[in-house]
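A quick write-up on the structure given underneath.
The values are calculated or read from the model by the stated rules, or taken from the named source; none is laboratory data. Fair warning: this is a prediction, and the values are worked out from it, not measured in the lab. Cβ atoms come from the backbone with ideal geometry, glycine included; neighbour counts cover every protein chain shown. Only protein heavy atoms, including side chains, enter the accessible area calculation; ligands, DNA and RNA are left aside. Shrake-Rupley method; radii C 1.70, N 1.55, O 1.52, S 1.80 Å.
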Amino acid sequence: MRRLSLLSLIAMMSWQSVAANAETLTVAPRQVADEKAVFATVESVSVVPARGRIGGTVAQLSVREGDPVKRGQPIALIGDEKLALQLKSLDAQIEALQAQANQAQIDFTRTEGLVERGTLPRVKLDETRTALNVAENGLRAKTAERAVVNQQMSEGQVLAPDDGRVLKKLVVVGSVVLPGDPVVTVAQQNFKLRLRVPERHALFLKAGDKIRIDGAEFGDSGDKFGVIDLVYPQIEEGRVVADAIVPGLGQYYVGDRLRVWISGGQRDAYVIPSRYVTTRFGIDYVKLQQGAQQVSVPVQRGRALPSADLPDGLEILSGLRAGDQLVQP
């Protein structure tokens, strides 16, 4: 009997120690957003076309829809047979002008020696010097013209204008394009959510407001949060247009529609972690610390109100008062 009494005393002391060390939470009202569900679309900050700088025939196309690209990456190759023919023609003309320049240099050197010995008048020296200058200038002009054609041939490569993803191919291999024609369209990598909110919520919508997206839209269990970056000053078809930044949109399809919750105002509510609520026989209970005792109190559960600081936030509609001490079961 003495041993049984001692064990009972130890168990009672242990239970009191656990009860004393149980995690408690003081109930207090907090400002929460009166959320409204709206639809938003995933859109790129800007869609830019990758254009060909010369005309010709598309000889190679190395990307397809959805491929990621980097700035300056070769996308396509445009070939023009006329440029190759012009290059051959210029090479032949340069060889002829080079021969003329060499001959003019020889004539100038020979005439200069004869003039110094007095065999020829100085007028002949001036004539040969002029012929030499004309030949050298003609050679330089053709060499520059060849460099222009060579640069045009190198511009047959179509380069990606910026980092992003290919949205659409506008040509196929064998297509004939003119200078400046777009080959593909590239969506910049920084995607945004474009919201269209009914105009009655325009007074509550401002840059810096947080938005919430259901994690199921992303295939995750937890919700995602973003921030409104820009509210456009013009109302379109009775709706306010705003852009929001949300991490993790880079792998989404442009134009995809997501359901988003925005703030339609502020109100007071009792929000507690959902782990403090237990359900028995279809009724929700919380444990209150009342002096040295713990009492189970029924409450009416509201909707989930997760936030960045309280991911498992749950609104309690009735059954709690400010100052109540909750004990985690």
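Report in % the part of the accessible area of the chain that belongs to carbon and sulfur, leaving out ligands and nucleic acids; probe 1.4 Å. Looking at the chain in its full context, I get 54 percent from C and S.
Gain on full extension, evaluated as 0.36 nm per residue between Asp309 and Arg53 minus their Cα-Cα distance, stands at 86.9 nm.
Among the listed values [x] 26; [y] 65; [z] 37, the one computed from these coordinates for percent of Cα pairs over 31 Å apart is [y]. When you filter the trypsin sites (Lys or Arg not before Pro) in the stretch 17-93 for DSSP loop state and at most 14 other Cβ atoms inside 10 Å of their Cβ, you are left with Arg64, Lys70, Arg71. Subtracting the Cα-Cα distance of Arg280 and Asn137 from their residue separation scaled by 0.36 nm leaves 41.6 nm. Quick check: the angle from helix 122-154's long axis to the longest principal axis of the chain, C-alpha only, nearest 10 degrees? That works out to roughly 30 degrees. With protein chains left intact and a 1.4 Å probe, residues in the chain average 61 Å² of accessible area per residue. Couplings for the stretch 320-329, taken from phi via the Karplus curve 6.51 cos²θ - 1.76 cosθ + 1.60 with θ = phi - 60°, read 10, 10, 4, x, 4, 9, 8, 10, 6, x Hz in order; Gly and Pro are left as x. Distance between the pseudo-spin-label points of Phe39 and Ala202 (7 Å out from Cα toward the beta carbon): 2.2 nm.
Neighbours of Gln289, meaning other residues whose beta-carbon lies under 12 angstrom from its beta-carbon, give a summed charge of -1 when Lys and Arg score +1 and Asp and Glu score -1.
Calculated FRET efficiency, Thr109 to Glu145, Cβ-Cβ distance, R0 = 35 Å: about 0.80 to the nearest 0.05.
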